[in-house]
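The values are calculated or read from the model by the stated rules, or taken from the named source; none is laboratory data. All values reported here derive from a predicted model rather than from experimental measurement. Positions of Cβ are generated from backbone atoms using ideal geometry, with glycine treated the same way; all protein chains shown enter the neighbour counts. Protein only, heavy atoms only, side chains kept; ligands, DNA and RNA dropped before computing areas. Shrake-Rupley method; radii C 1.70, N 1.55, O 1.52, S 1.80 Å.
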Amino acid sequence: MQLLAALDRELTQLDEHRLRRRRRVADTPCAPRVQVDGRPMLAFCSNDYLGLAAHPLVTTALQEGAARYGVGSGASHLISGHSRAHALLEERLADFVAPHLESARALYFCTGYMANLAVLSALADRDTALFSESLNHASLIDGARLSRAAVQVYPHGDTDALAALLSASTAAKKIVVTDSVFSMDGDLAPLPALLALCEQHGAWLVVDDAHGFGVLGAHGRGALEHFGLRSPYLIYMGTLGKAAGVGGAFVAAHATVIESLVQRARPYIYTTAAAPALAHALLTSLDIIGGAEGAMRRTHLQALIAQLKDTLTLQRWQHLPSATAIQPLIVGTNEDALRAADALYEDGLWVPAIRPPTVPAGTARLRVTLSAAHTAEDVAQLASALNMLETEQKAEV
């Protein structure tokens, strides 16, 4: 059959370039110590930055939510699927980010991908100029395409280039969209400068804070708190399956923006609402994030980040500068990155190899992610293994 043969050829090409992805099966809850494909592993690959995915209080809250609301919502939010749990969560999220947004209101989505598609496709159209960061997440890229706006990509972190593009634009509506923490590099966008440009040019600033919410800021309110920002021009997206440990995402902005999304965002209108039990569990996650325990976990996470930086002695691999839980090590070729990841896996350390098209060709890397659930001993074991592995591979070259 020619159709299957064409797909087989494409899969063969992935194999030839060492780009085929594979799934591993975890038999235990998300945690540093896991059972994967039948063997014990020390994992440095989840985005569970605060270690809440298996937190006993959050787990109990999910059980309570299932007992109270059942396991499914039954319909979209605008039909009959919007439960009291969803409503309470949106109120709490709006209050949580209110110091940084005027007349704040929040809207809960099934996933961050859906949230980004919703924002850009609902707010932008053919008459919109959309300015997108070159390292933006795939969901933002797809949302920009879906919006049918005229998209211009500006170089990573280059505010001068963005300023020139904004000045040259004659579009009636302008939108700048960026990640806050870049998921493969771990660095932060220059949000204060971006916001200043947006206010100067009357443009929306859409911030995807997937890897900042819960982690950045004194109270875990994310990148806006970290930089001390507040503006009616901000549209904020935070995910709830990473630092919050559960699932879904939310968009927070001026109440008028959120009402526009409710009325116009197809990925919201035509999607079955997430299970109410998830929303109920997230209320407990927010209590932890914003409380004393959340502060302690963020402090511990920062100590682990500093420890890893201080103990790595890499000479050939490039440890990208990152102050976040994402600590990338650029190895180079796809083959070398896979070899390194496989060697670590054999030693009981689960660190993923990230390859194109997720990252540019020639920059395949090990993506280390740290969690507040890790211990200093865990990080010491990882650093020792990385130092030894790089030395061994260097000797082979």
Item checked: DSSP-defined antiparallel bridges as percent of all bridges, the chain, nearest 5 -> 55 percent
Next item on the list: Could you order peptides 156-166, 174-184 by the average number of other Cβ atoms within 10 Å of their residues, highest first?
Entry: 174-184, 156-166
Checklist line | Residue (of Ala87, His300, Ile288) at the positive-pole extreme of the chain, dipole from beta-carbon charges | finding: Ala87
Next item on the list: Please report, in whole Å, how far the alpha carbons of segment 150-247 spread along each principal axis, starting with the longest.
Entry: 42, 27, 21
Next item on the list: Using only Cα atoms, locate the centre of segment 1-56 and the centre of segment 363-391, then give the distance between them in Å, rounded to an integer.
Entry: 18 Å
Next item on the list: Let me know the shape class of segment 1-157, please: from the alpha-carbon gyration tensor, a ≥ b ≥ c as square roots of the eigenvalues, rounded when a/c is under 1.5, otherwise prolate if a/b is greater than b/c, or oblate.
Entry: oblate
Item checked: Virtual spin-label span in nm between Asp27 and Thr170, 7 Å along Cα→Cβ -> 6.6 nm
Checklist line | Label-point separation in nm, Arg68 to Asp158, each point 7 Å along Cα→Cβ | finding: 5.1 nm
Checklist line | Solvent-accessible area of Asp127 with every protein chain in place, 1.4 Å probe, in Å² to the nearest 10 | finding: 120 Å²
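Between Gln318 and Thr375, what FRET efficiency comes out of the Förster formula 1/(1 + (r/R0)^6) with R0 = 22 Å and r the beta carbon distance, rounded to 0.05?
After rounding, the FRET efficiency stands at 0.25.
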Next item on the list: Show me 98-110, 188-200, 229-241 ranked by packing, highest mean number of other Cβ atoms within 10 Å first.
Entry: 229-241, 98-110, 188-200
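What is the antiparallel percent of DSSP beta bridges lying wholly in segment 74-203, to the nearest 5?
In segment 74-203, DSSP labels about 10 percent of beta bridges as antiparallel.
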